[in-house]
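Undergrad: Shown below is the structure under consideration.
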Amino acid sequence: MIGERIATGVLRAAAGLAATAWLLAAGPAGAAGEDPAWSQVRMGSQGAPQPIGSYSNGCIAGAVQLPPEGPGYQIIRLSRNRNWGHPDLVATLEDLGRRAAAAGLPPLLIADMGQPRGGPITDHAAHEIGLDADIWLRLDLPQLPRDQRETLKPDYITGPWTDVIPRGALSAQQAQLIRLAATEPRTERIFIHPAIKRELCAMSWDDRSWLGKVRPWTGHNEHLHIRIGCPSGSPLCQEQAPTAAGDGCGADLMSWFPMKPPVPRKGGKPYVPPPLPIACQRVLTAP
Ligand SMILES: [Zn+2]
């Protein structure tokens, strides 16, 4: 669908630009994209859950926490206090943990979800409205005590700008994890490194329909990003154009190769994030 392709292209260009500017402007503290007001609030707001705005520019009222561990998963780096999201996201991750355990996978390592009230968050271009979560591809650890989950190292499947992955670098279990995440009923998209998507496309699957939800994106060479759709009863949540029909293994995927790192911009003004939706001010100051 041409509309989808154009929209994706624009989005991709915009995301690349934003990510580049972000990296260039990022310092150790008070980095661009980090608004301390959003990162310092420790609790979600009271009341009904309500995502406001878009995945990359918004906030969430009434977010809840994913428990630090549960059947089939464990949260890493709990000290970051980023295990907040919409109840539908929490339910999705809990369900995914149960299905992964039933499939014989070791506990999933759940990384960043969102901040207690969403909003701008360092290290991410999205994760702002409680509907996104990162899951590491590393699948070799047992259930660990919370403090030992603070300093784990990820498992890099390939380099950030590498077109192919080394033979055997993506295990059958890791491919299974991506399939399980893509087939969660609420999943809207999965983001994964283009070379990993290409590897998934080359595998034989009884049903390939889920591959269309697995979208190639830069980064994501050691984690997958799961995004659920706007929950029903969320009029302020901005939907994204649905993924095109088919497995997405054709020209759209191939347009990513050869991968090239972005050229750093010289000079110019530092990146200024767009203003948040007005309704987010009330979320920030709500009890
Ligand atoms: Zn992510």
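The values are calculated or read from the model by the stated rules, or taken from the named source; none is laboratory data. Everything numeric here is computed off the predicted structure, so don't read it as measured data. Here Cβ is always computed from backbone atoms with ideal geometry, including for glycine, and neighbour counts include all displayed protein chains. Keep in mind that these areas ignore ligands, DNA and RNA; they rest on the heavy atoms of the full protein, side chains included. Shrake-Rupley method; radii C 1.70, N 1.55, O 1.52, S 1.80 Å.
Undergrad: Mind checking which residues of the range 195-219 are open to solvent by 10 Å² or more (accessible area, probe 1.4 Å) and within 16 Å of the ligand (Cβ to nearest atom)?
TA: Lys213, Arg215, Trp217, Thr218, Gly219
Undergrad: Can you tell me how many residues within the range 238-284 are assigned to a helix (DSSP H, G or I), of a type in the set (D, E, K, R) and open to solvent by less than 60 Å² (accessible area, probe 1.4 Å)?
TA: 1
Undergrad: Restricting to the range 145-194, what's the tally of residues that are open to solvent by less than 30 Å² (accessible area, probe 1.4 Å), of a type in the set (S, T, N, Q) and either within 16 Å of the ligand (Cβ to nearest atom) or in contact (Cβ under 8 Å) with a residue 40 or more places away in the chain (or both)?
TA: Selection size over the range 145-194: 2.
Undergrad: Now for a different question. For the range 106-140, how many residues are open to solvent by 10 Å² or more (accessible area, probe 1.4 Å) and touching a Gly at 6+ places or on another chain (Cβ under 7 Å)?
TA: Going through the range 106-140 one residue at a time, the tally reaches 4.
Undergrad: Then there's this: So for the range 88-105 (the condition being in a loop (DSSP other than H, G, I, E, B) and either aromatic (Phe, Trp, Tyr) or open to solvent by less than 30 Å² (accessible area, probe 1.4 Å) (or both)), does at least one residue qualify? Steps first, answer last, please.
TA: Taking the range 88-105 first, the residues in a loop (DSSP other than H, G, I, E, B) are 103-105.
Then drop every residue that is not either aromatic (Phe, Trp, Tyr) or open to solvent by less than 30 Å² (accessible area, probe 1.4 Å) (or both), which leaves 105.
Yes, that holds for at least one residue.
Undergrad: What do you reckon, is Gly130 at positive phi and more than 16 Å from the ligand (Cβ to nearest atom)?
TA: Taking the combined requirement at face value, the residue does not satisfy it.
Undergrad: Condition (residue is closer than 11 Å to Ile192 by Cβ, of a type outside the set (D, E, K, R) and in contact with a His (Cβ under 6 Å, 6 or more places away or on another chain)) applied to the range 221-238: is it met by at least one residue?
TA: Yes - at least one qualifying residue is present in the range 221-238.
Undergrad: Output the strands (runs of 3 or more DSSP E) that fall wholly within the range 115-216 and possess 2 or more residues being within 26 Å of Asn81 (Cβ to Cβ), or say none.
TA: 132-136, 187-192
Undergrad: Sticking with this one: Can you find a residue that is farther than 30 Å from Ala48 by Cβ, open to solvent by 60 Å² or more (accessible area, probe 1.4 Å), small (Gly, Ala, Ser) and away from the ligand (no atom under 16 Å from the Cβ) anywhere in the range 220-237?
TA: No, the range 220-237 contains no residue that is farther than 30 Å from Ala48 by Cβ, open to solvent by 60 Å² or more (accessible area, probe 1.4 Å), small (Gly, Ala, Ser) and away from the ligand (no atom under 16 Å from the Cβ).
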